[in-house]
Amino acid sequence: MCLGIPGQIIAISNLAHKLAIVDIGGVRRQINIACIVDEEHPTEACIDDWVLVHVGFAMSRIDQQAAAETLQLLEELVLSELS
Amino acid sequence: MKYVDEFRAPEKATAVLQEIKQLSQEIDRHLKIMEVCGGHTHAIFKYGIEELLPEQIELIHGPGCPVCIMPKGRLDDAIAIAQNPQVIFTTFGDTMRVPGSHTNLLQAKAQGADIRIVYSPLDSLQIAKENPTQEVVFFGLGFETTAPSTALTILQAAAENITNFSMFCNHVLVIPALRALLDQDDLMLNGFIGPGHVSMVIGTDPYEFISQQYDQPIVISGFAPLDILQSIWMLLKQIKENRCQVENQYSRLVAKTGNPIALKAMNQVFDVCETFAWRGLGEIPASGLKIRTEYAQFDAELKFSFPGFRVADHKACKCGEILKGMLKPWECKVFGTACTPETPIGACMVSSEGACAAYYKYGRLSKAEKSKFGNKG
């Protein structure tokens, strides 16, 4: 039920209603991005953002640095197993 | 697919599993870990994670499937609203087979009710715009992950003054359910895998009581196999070091204070109910959401008449014990015989996120367990 899928915002389709087109593994669909938009990060700045999509809404922006750090930690485990 | 494939890498999984095995040997006792979220239950079965873990780690599949815990009485009410000839009833696909007292939404649709499956509550609002002479009702359910989306849909309906749209609200809250579980004397757990997408909305702060008042470690986890394995590893480290903390494995999506915009929308539209009756767990105070009086015109409960009865769970059903980890699905008399995903009797067999349905679908029973099931007669 709480399923979420990562996707990348490729265009803003309705600035007033905060609607955007998201690309999820090649499939495109209009989603609502109201939950990830604020004064610091306005609607028009969301293009190219990676977001988590749940029931037609972007619920959170994916923190690319945090994702890289998690993977780095796992990579270090692989290296420590090999050594 | 970016942010999906890299969290499934087999060589990393092997390395984490090795760490988990080593830590388990050092801890050297039986550990019960509950994954709260149905999404985790589904992923654990789909990827066979339970089979990869050392035998001393037992996963308890918690109550985090909002479809499964929907009580029969509420389903009867939903079906009654859907059968109103003026109504187009819209719902997520997962609710269609959930059993009410006599029938389910799928059967009601077959008998002529206009019931439509939608992907998003916004699709339901669109149907309302396209059918101005009919009443469109959305079956709102789900945890805090989903509640902001239905709140924003109601706010949009209000902004556009769409008067033929309303919602039958059955949203539930994770934190009161966890507290109710932890208050049970017979629950013996060693830690929690916390729900990733609920936490993306509420943050990690609301879980502090678990570590501070109940001395349990919890790790908020993502849903890919590597996320879940890494979370189990983090839990074992806490257990070994005698720590009870709220840790966040899913930092790429979960912030400490959650999503303030989503929380604001939720609080603007919804108020907390006095109580909600969870199928399998019973009444839990302040565990559900209702539509605030300011948005009463979008509340289907005020627009339509329905029975509103409370209906007891089936006597043979052991869902309550299974949700608390006291019984395994195959220890229930009706598992796989009278109760199957096609004709579920209990909550846990309803959705693919329920523990019984997951065991039934993926058949991941160990040899000993299989022989028990086989000998059940």
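Among residues of the stretch B:77-126 being assigned to a loop (DSSP other than H, G, I, E, B) and of a type in the set (D, E, K, R), the one that is farthest from the other protein chains (Cβ to nearest Cβ) is B:114.
Counting only strands (runs of 3 or more DSSP E) wholly contained in the stretch B:178-292, the ones carrying 1 or more residues that are closer than 26 Å to residue A:78 by Cβ, within 19 Å of the chain's Cα centre (by Cα) and not β-branched (Val, Ile, Thr) occupy B:191-195, B:218-221. Against the test of being out of contact with any strand residue (DSSP E or B) (no Cβ under 8 Å at 6 or more places or on another chain), without any contact (Cβ under 8 Å) to a residue 12 or more places away in the chain, acidic (Asp, Glu) and not in a loop (DSSP other than H, G, I, E, B), the options B:55, B:11 yield a single qualifying residue, B:11. Mind checking whether some residue in the stretch A:21-30 is closer than 23 Å to residue B:147 by Cα and in contact with a helix residue (DSSP H, G or I) (Cβ under 8 Å, 6 or more places away or on another chain)? No. Counted as qualifying within the stretch A:1-78 are the strands (runs of 3 or more DSSP E) with 2 or more residues that are surrounded by 13 or more Cβ atoms within 10 Å (Cβ to Cβ), without any contact (Cβ under 8 Å) to a residue 40 or more places away in the chain and within 11 Å of chain B (Cβ to nearest Cβ), namely A:19-24, A:27-32, A:57-61. Reported count of residues in the stretch B:293-308, each being part of a helix (DSSP H, G or I) and either surrounded by fewer than 21 Cβ atoms within 10 Å (Cβ to Cβ) or out of contact with any strand residue (DSSP E or B) (no Cβ under 8 Å at 6 or more places or on another chain) (or both), is 8.
Let's see how each residue does on (1) touching a Cys at 6+ places or on another chain (Cβ under 6 Å); (2) part of a helix (DSSP H, G or I):
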site: B:6; (1), (2): no, yes
site: B:15; (1), (2): no, yes
site: B:23; (1), (2): no, yes
site: B:32; (1), (2): no, no
site: B:36; (1), (2): no, no
site: B:39; (1), (2): yes, yes
site: B:45; (1), (2): no, yes
site: B:51; (1), (2): no, yes
site: B:61; (1), (2): no, no
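Candidates are the residues of the stretch B:183-224 that are under 19 Å from residue B:30 (Cα atoms) and touching a Pro at 6+ places or on another chain (Cβ under 9 Å); the one that is nearest to the other protein chains (Cβ to nearest Cβ) is B:192. Annotation note: Cβ proximity below 8 Å between a residue of the stretch B:225-249 that is under 11 Å from residue B:27 (Cα atoms) and a residue that is of a type in the set (S, T, N, Q) and not in a helix (DSSP H, G or I) (sequence gap 6+ or interchain) occurs for B:238/B:245; B:239/B:190. Scanning the stretch B:1-52 for residues that are away from chain A (no Cβ under 14 Å) and either surrounded by 18 or more Cβ atoms within 10 Å (Cβ to Cβ) or in contact with a Leu (Cβ under 7 Å, 6 or more places away or on another chain) (or both) turns up B:24, B:27, B:31, B:32, B:33, B:34, B:44, B:45, B:47, B:49, B:50, B:52.
When residues in the stretch B:309-333 are screened for being surrounded by 15 or more Cβ atoms within 10 Å (Cβ to Cβ), in contact (Cβ under 8 Å) with a residue 40 or more places away in the chain and farther than 17 Å from residue B:62 by Cα, 2 of them pass.
Coordinate-derived values only; no laboratory data. Predicted model, so just to flag it, every value in this text is computed and none were measured. Because the Cβ atoms are built from the backbone with ideal geometry, glycine has one as well, and the counts that use them run over all protein chains shown.
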